[in-house]
Amino acid sequence: MSGTFSSLSTALSALRYNRVAMDVASGNIANAGTDGYARRTVIGQATGAPSTPALWSRWEGAGDGVEASRIDRMVDPLLDARSRTEHAASSYLDTRAASLSRFETTLGEPGDNGISGALADFKAGWYDVANNPGDPAARTQLLARARTLQASIAQQAQSVSTEWSDQRTRLDALVEQVNQTASDLGSLNKALRVANLAGTDAGTLLDQRDQLTLKLAELTGAKVTVNADTTVDVKVGGQALVSGNTATPMSLSGASDLSAQASNPVTLSLGGSPLTLSSGEIGATQTLLGQNLPDYLDGLDGFVSQLVTEVNTQHAKGVDLGGNPGTDFFTGTTATSLQVAITDPSAVAAAAPGQGALDATNADAMGGLDLGAPDYRSLVTGFGVTVASVQRLAGNQDVLTAQVDSSRESLSGVSIDEEMVHLLAAQRGYEGAARVLTTVDSMLDTLINRTGLVGR
Amino acid sequence: MSTLRVTQRMMVNSSLTALQLGMGRLAQTQEQLSTGRLINKPSDSPTGTNEAMRIRAQLAADTQHSRNAQDALSWMGQTDSTLQSMLDDVHRARDLILQGSSTGSNGPDARNALATELTQIRKSLLGLANTQHLGRPIFGGTTGGTDAYDKTTGVFVGEDFGVSRTVKDGVSVRINVTGPEAFSTASGDDLFTVLGDAATNMTSDPTALSGTLDRLDAVASQMKSALADLGTRYGRIQSATSSLQDASLNNQNRLSEVENVDIAKAVLDLQMQQVAYQASLGATARVLQPSLMDFLR
């Protein structure tokens, strides 16, 4: 049999337990809107018979009350890992989609104001010269249209280059952010280890740890391993970024301008070896800097070189107003170096040689050429396909990420209603325990103060 | 029992996502309606973009081709009317020569008068042969000068080359008739020499006039065949122009099918999206407000 006062201590344990339960519930409610907070649950355990029975003695108690055995963080490491993967994929696609569609709006296609409009005007200009070969106005207009075409091409090349520089600056900032986060995580690992050894509640630290690893995954698509002592190791592209307390910084080198990218490509390295990421914001920026934007400029250069070749070849076949063979109409073979070489309207070689001064056969033939239009069209269409596909993938990925987030939230999120119910239950439990206390007290009162009064 | 736990935050998030999606759809339809275009960026429809760019290039080319054709028609119209009035003059000259050769009763004075009139006609024909279109002599070929024939000697001073206009992709039509083509016979005889000889023969050697008449007839038939040839080419350009107009109209329609918004459909879409958006706003307002707190006393 247990002692007389055991019921009092049982009631006391209930009072304590319910206080803890109310603390946990109020803590959850307080953090209902905190980012990265995982709800806590108090796990109560009935205290009773010792688990290892002793020889020659037996326990006769009916229950010794309750204790808060531990406070659980409601998380699922599997879901966390899944969430990191999906977030990394999402930020990779979102970053690319945002940059590509921003650049896409500068194309002005399909429309009258883009390169294709300027090209059509340029071709029409040759026909106007063919209609009035002796008219200086028609020739001047042709040269003006050639300069407009050159300016449209240069402007588009400039847009590519501006977007590239923006992304390059962004990559600098991103790498800085990764290094900062990695170093924070290194310090956090240390704190976690200490907390673990000291046996204190590491819940807040673990919340922080999960937030930092998620951020690193969004930035780099990092792979995270959780160790037995709750610390984490982070690897990026197979290289250790954070290992225990130490964080290895990433470094960035290479061109700061699109024109230098081919000779001195932007290189990201970690621990001395170069990294090419295919996930996370940094992966997206690397893809933009190394592939999407330079590829577009290459395509534009291809179109320009086709244009220059066609125009110059045809121009050389003709003679100008003075009867001299046509010189190069354009110089340069790339979008940025393209220039209109002819400044004198009479130097436009509209005539075929030996056909009279006002012959316009050559200008007429020029007007009938493609002048690289199919190349430009396929460049724009191809780019449109890339953007559309990235946008579609990003949309799908966002749905997937939202689902995983929702599952995570379903497990870890705080529900105010639920916490209210827990709070009420704890309140009632507390009231009940208090009642037990009163009852025992009154019982003891009867026993102590009113017993043994016979004959007094 | 495993039911999905739903928290306030999940509802807030999903409401926000739904509202964003609704807004996004509304914004896209609104963009389409306000620009009137289905394709505002290549990624809106890459295949449509390709088509639109191709049609636009074709439309621009067609516009220029019809300008070329208009230019050609005005050049040829002028050539045609000039040749017509020159033929009238040639007929008058033929009458005069006939008059001079047929009646032996004409005295020297009458012949002199006929010769003077012939010289006048020759001069007027020379003037007509130097007719200009936009500063270029229409019978002068590709010459850079202002005249096709020397005003006094009647010698061809132009360049005997064709002038062509492209009136359709790959269809280039010759629009000019050069002086030698219109006024010289295969034997190298030309209108102005014949008329000069006629004026000379009228006073000096009336008997040779019948030979001159044959030469003039040969020149006149050359002019007529040049006129007929010109008419054929004029017809070709006209038919090319009308087929250009048809093609242009077709292309406009196709471009509009590819690029432009079907207003009725877009307005209907807008209405539906508006309803959906309002519904999600209403649902959000109702779902997010209440909590257990409202019912606990």
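For segment B:118-167, which residues satisfy the criterion of being farther than 30 Å from B:D62 by Cα, facing chain A (nearest Cβ under 10 Å) and surrounded by 24 or more Cβ atoms within 10 Å (Cβ to Cβ)?
B:G158
Can you work out which of the residues in segment A:168-188 that are more than 27 Å from A:G254 (Cα to Cα) and out of contact with any helix residue (DSSP H, G or I) (no Cβ under 8 Å at 6 or more places or on another chain) is surrounded by the fewest Cβ atoms within 10 Å (Cβ to Cβ)?
The selected residue is A:S187.
Quick check on segment B:112-139: of everything there that is assigned to a loop (DSSP other than H, G, I, E, B) and at pLDDT 90 or above, which residue is nearest to B:S74 (Cα to Cα)?
B:I138
Considering segment B:4-52 alone, what residues qualify as being in a loop (DSSP other than H, G, I, E, B) and within 10 Å of another protein chain (Cβ to nearest Cβ)?
Answer for segment B:4-52, where residues must be in a loop (DSSP other than H, G, I, E, B) and within 10 Å of another protein chain (Cβ to nearest Cβ): B:L4, B:R5, B:V6, B:T7, B:I39, B:N40, B:K41, B:S45.
Can you go through B:A61, B:A52 and tell me which one is at pLDDT 90 or above and farther than 28 Å from A:L393 by Cα?
B:A61
Consider A:N179 carefully, then state whether it is among the polar types (S, T, N, Q), more than 30 Å from A:R96 (Cα to Cα) and in a helix (DSSP H, G or I).
no
Can you spot a residue in segment B:86-103 that is touching a residue at least 24 places away in the same chain (Cβ under 8 Å), part of a helix (DSSP H, G or I) and within 14 Å of chain A (Cβ to nearest Cβ)?
no
Which number in (1) within 47 Å of the chain's Cα centre (by Cα); (2) in a helix (DSSP H, G or I); (3) farther than 24 Å from B:M53 by Cβ marks the one condition that A:S337 misses?
Condition (2) is where A:S337 drops out.
Go through B:D262, B:D294 for me and flag whichever is more than 37 Å from the chain's Cα centre (by Cα) and acidic (D, E).
Being more than 37 Å from the chain's Cα centre (by Cα) and acidic (D, E) holds for just one of B:D262, B:D294, which is B:D294.
When you look at A:G356, is it within 29 Å of A:Q155 (Cβ to Cβ) and either in contact with a Cys (Cβ under 6 Å, 6 or more places away or on another chain) or at the interface with chain B (Cβ under 9 Å from one of its Cβ atoms) (or both), yes or no?
No.
Could you look through segment A:377-413, keep only residues that are free of Cβ contacts under 8 Å to residues at least 60 places away in the same chain and among the charged types (D, E, K, R), and pick out the one that is farthest from the other protein chains (Cβ to nearest Cβ)?
Looking at the filtered set, the residue picked out is A:R392.
Which one of these is among the small types (G, A, S), without any contact (Cβ under 8 Å) to a residue 24 or more places away in the chain and part of a helix (DSSP H, G or I): A:A144, A:A154, A:A130?
Selected residue: A:A144, the only one of A:A144, A:A154, A:A130 that is among the small types (G, A, S), without any contact (Cβ under 8 Å) to a residue 24 or more places away in the chain and part of a helix (DSSP H, G or I).
Mind listing whichever residues of segment B:199-214 are part of a helix (DSSP H, G or I) and more than 19 Å from B:Q120 (Cα to Cα)?
B:T207, B:A208, B:S210, B:G211, B:D214
Out of all the residues in segment B:58-75, which are among the small types (G, A, S) and out of contact with any Asp or Glu (no Cβ under 9 Å at 6 or more places or on another chain)?
If the condition is that a residue be among the small types (G, A, S) and out of contact with any Asp or Glu (no Cβ under 9 Å at 6 or more places or on another chain), then B:S66, B:A69, B:A72, B:S74 are the ones that fit.
Output the number of residues of segment A:359-376 satisfying the condition of being free of Cβ contacts under 8 Å to residues at least 12 places away in the same chain and at the interface with another protein chain (Cβ under 7 Å from one of its Cβ atoms).
Residues flagged as free of Cβ contacts under 8 Å to residues at least 12 places away in the same chain and at the interface with another protein chain (Cβ under 7 Å from one of its Cβ atoms) within segment A:359-376 amount to 1.
The values are calculated or read from the model by the stated rules, or taken from the named source; none is laboratory data. Keep in mind it's a predicted model, so treat the numbers as computed, not measured. Using ideal geometry, Cβ is built from the backbone for each residue, glycine included, and neighbour counts are taken over all protein chains shown.
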